[in-house]
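The values are calculated or read from the model by the stated rules, or taken from the named source; none is laboratory data. Keep in mind that what you see is a predicted model, and the values were worked out from it rather than measured. As a convention, Cβ positions derive from the backbone with ideal geometry for all residues, glycine included, and neighbour counts pool all protein chains shown.
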Amino acid sequence: MVMLPSRHISAPAYAKVNLHLWVGPRRDDGYHTIASIFQLIDLADTVSLTLHPSPDLAIRCNPLQGVDPEHNTLVAAARLFCGQTGRVGTVDIQCEKRIPLQAGLGGGSSDAATVLRLLNEACGNPLDQKALLDLGARVGSDVPFFLGTSAVAYVRGRGELLEPLQAREDLYALVVMPVDKGVSTSRAFADLDALREQGQGIPQTPDGTSLAARYAEKVSKWDFFNNFRPVMGELAPLYDQLDALVAQTVGCFGTVSGSGASYCIVAESQRTIGIIKTKIERISHYVCLYCIKCLHRGHSGDTVSL
Ligand code: C5P
């Protein structure tokens, strides 16, 4: 056993959007194969860790509204890290939440990845990148992306196979989040399976090379899609309205992110995002709007040691 150092460290945990999300067949292990483009966005929780050496392991986290303490990804990540590396001591986690829950924005996964990264750095990097990615995949399918060093990646497998893409720096985004309407990821996958069992075939997806080439083109040419779109249930009328708004507006692209419940609009022009935001405010008061100055470039060098 090795004791944790005495340290207080903090870092932002950025959210993501899925610009493209193809869901393949259900695998024998219950997970689904995906082919997706993940893009970090400038919306982040703040994760802070206070570490103290002690002969026993104790992991605590501040209560997070809407998060079942038994399924807190931050605690799960810290427990796995300490178990894997034989670290003991106290880990006090403080998470300031800004990323909405069950939004398809990866908040819980990004928080977990940030805990793993911070603990690894504080302990002098006992785990190499491969071991960290493996550990992340045990916490959740989306965690490996948040441990990667690229702001944009083509993601395959159940989420653990990453191919970094050249991140564009000319994009603005508006994330539309229906108020109090989270979507459970496992429920969304089950609904999609049920729909497919009724005879809806599984569509094809362009390969990684084609998706990467499309990402580099103007957003008005993007033909990315999200296979969860037909199982959005009571959110479908709102998303139909948003799809129509996007179709009427030159120079933008819109999609549901992840398994919902958020919808992301991307444009090269900040003015276009402003116009769409005004239009959305006219059609619905039941949404939170996050205007994102730019899509986030990357997360290396963000850690702050206090
Ligand atoms: O891996 P994670 O815990 O985030 O996944 C939550 C649930 O989403 C899984 O239990 C599974 O039902 C579903 N899932 C899936 N295929 C994936 C990722 C998640 O079926 N690639």
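Here is how the numbers come out for the structure above:
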item: Unmet requirement for ILE37, which otherwise passes all of (1) in contact with a Leu (Cβ under 6 Å, 6 or more places away or on another chain); (2) crowded, with 19+ Cβ neighbours inside 10 Å; (3) over 30 Å from GLU197 (Cα atoms); result: (3)
item: Subset of region 106-137 [among the hydrophobic types (A, V, I, L, M, F, W, C), within 13 Å of the ligand (Cβ to nearest atom) and crowded, with 23+ Cβ neighbours inside 10 Å]; result: ALA112, ALA113
item: Restricting region 158-204 to residues that are assigned by TED's automatic domain parsing to the domain that holds GLU281, part of a loop (DSSP other than H, G, I, E, B) and within 14 Å of the ligand (Cβ to nearest atom), the residue that is modelled with the lowest pLDDT; result: GLY182
item: Any pair with Cβ under 7 angstrom, 6 or more apart, that starts in region 148-171 at a residue that is among the hydroxyl-bearing types (Ser, Thr, Tyr) and ends at one that is part of a loop (DSSP other than H, G, I, E, B); result: THR149/GLY298; THR149/SER300; SER150/LEU165; SER150/ALA167; SER150/GLY298; TYR154/LEU165
item: Filter pass, GLY260 being over 21 Å from the mean Cα position of the chain (by Cα), of a type outside the set (Ser, Thr, Tyr) and on the phi > 0 side of the Ramachandran plot; result: no
item: Output for region 22-79, where each listed residue is part of a helix (DSSP H, G or I), without any contact (Cβ under 8 Å) to a residue 12 or more places away in the chain and more than 16 Å from the ligand (Cβ to nearest atom); result: PRO69
item: Filter result for LEU238 (over 23 Å from the mean Cα position of the chain (by Cα), more than 16 Å from the ligand (Cβ to nearest atom) and under 29 Å from LYS279 (Cα atoms)); result: no
item: Qualifying residue in region 214-224 (condition: of a type in the set (S, T, N, Q), farther than 18 Å from HIS20 by Cβ and either at pLDDT 95 or above or in contact with an Asp or Glu (Cβ under 9 Å, 6 or more places away or on another chain) (or both)); result: no
item: Selection within region 138-156 - surrounded by fewer than 17 Cβ atoms within 10 Å (Cβ to Cβ) and within 14 Å of the ligand (Cβ to nearest atom); result: ARG138
item: Residue within region 96-114 that is closer than 24 Å to PRO5 by Cα and part of a strand (DSSP E or B) present; result: yes
item: Matching residues, region 205-235, being within 16 Å of the ligand (Cβ to nearest atom) and assigned to a helix (DSSP H, G or I); result: VAL231
item: Qualifying residue in region 71-88 (condition: surrounded by fewer than 17 Cβ atoms within 10 Å (Cβ to Cβ), farther than 21 Å from ASN125 by Cβ and at pLDDT below 95); result: yes
